1. Quick one: count up the residues across segment 127-175 that are of a type in the set (Asp, Glu), in a helix (DSSP H, G or I) and modelled with pLDDT under 95.
2. For the condition modelled with pLDDT of 95 or more, among the charged types (D, E, K, R) and over 26 Å from residue 131 (Cα atoms), what is the one hit in 66, 42?
3. Just to verify a result, which residue in segment 66-106, among those that are among the acidic types (Asp, Glu) and in a strand (DSSP E or B), is nearest to residue 170 (Cα to Cα)?
4. Consider segment 30-48. How many of its residues are touching a residue at least 24 places away in the same chain (Cβ under 8 Å) and more than 22 Å from residue 60 (Cβ to Cβ)?
5. How about segment 7-33: which of its residues are crowded, with 17+ Cβ neighbours inside 10 Å and β-branched (Val, Ile, Thr)?
6. If you scan segment 17-64, which residues turn out to be part of a loop (DSSP other than H, G, I, E, B), over 25 Å from residue 166 (Cβ atoms) and of a type in the set (Lys, Arg)?
7. Do you know which of the residues in segment 121-173 that are free of Cβ contacts under 8 Å to residues at least 12 places away in the same chain, of a type in the set (Asp, Glu) and surrounded by 13 or more Cβ atoms within 10 Å (Cβ to Cβ) is nearest to residue 48 (Cα to Cα)?
8. Report yes if residue 103 is out of contact with any His (no Cβ under 8 Å at 6 or more places or on another chain), among the acidic types (Asp, Glu), buried (at least 16 other Cβ atoms within 10 Å of the Cβ) and within 26 Å of residue 3 (Cβ to Cβ), otherwise no.
Amino acid sequence: MADFNKIYDAGDVDNGIITTVIEISKGSMYKVEWNREKATFELDRVEPGIFRKPTNYGFIPQTIDEDGDELDTLVITDEGLPMGLVVEEARIIGVLNFDDGGEMDHKIVVVPADDRHTGDHHTHHEDLPIGTKTQIEHHFNHYKDLKKPGTTKVLGWGDAEEAKKIIKECQVRWAEKYSD
């Protein structure tokens, strides 16, 4: 298995284009986590079908968020993308600010830069259909309700500039931990 953190970096953050690796396909009920120490995808748990992922879920290589994991991405596409797929050019359209058990767990919202269907229509998180945003918010507010009710909370949406700032902070965290 390839170690994405050795092959890829976060991308061209200043220009709003990042690299992301898909962990979970849109519509999946399997919660998969990237194990950076083993360079493997691992099944964390099987969610009830009601909590299927509303978008593709991934991570940005060479970043560490406040929760200690790679910085998460929500990759907006019409169809699910397979686990392990690398989207080398994803355009940042915003960030979902999310509290998971008292820890900030940001979700950078992106579209594939060359997706002429979805990408051309979504240049800002406000361009997402209200139903899509509502579904994403509902998912993250409730997906742990059966095990740990009330431990997750969506704190709101931010724009691409806020997302870039968060990515850069996460790159610094990565560099501090893994620089030689």
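The values are calculated or read from the model by the stated rules, or taken from the named source; none is laboratory data. Note that the coordinates shown come from a computational prediction; the quantities given were computed from them, not determined experimentally. Cβ atoms come from the backbone with ideal geometry, glycine included; neighbour counts cover every protein chain shown.
1. Residues that pass the stated criteria total 1.
2. Every option except 42 fails the conditions.
3. 72
4. 2
5. Those that are crowded, with 17+ Cβ neighbours inside 10 Å and β-branched (Val, Ile, Thr): 13, 18, 19, 20, 21, 22, 24, 32.
6. Passing the criteria: 38, 52.
7. 145
8. Against the criterion (out of contact with any His (no Cβ under 8 Å at 6 or more places or on another chain), among the acidic types (Asp, Glu), buried (at least 16 other Cβ atoms within 10 Å of the Cβ) and within 26 Å of residue 3 (Cβ to Cβ)), residue 103 does not qualify.
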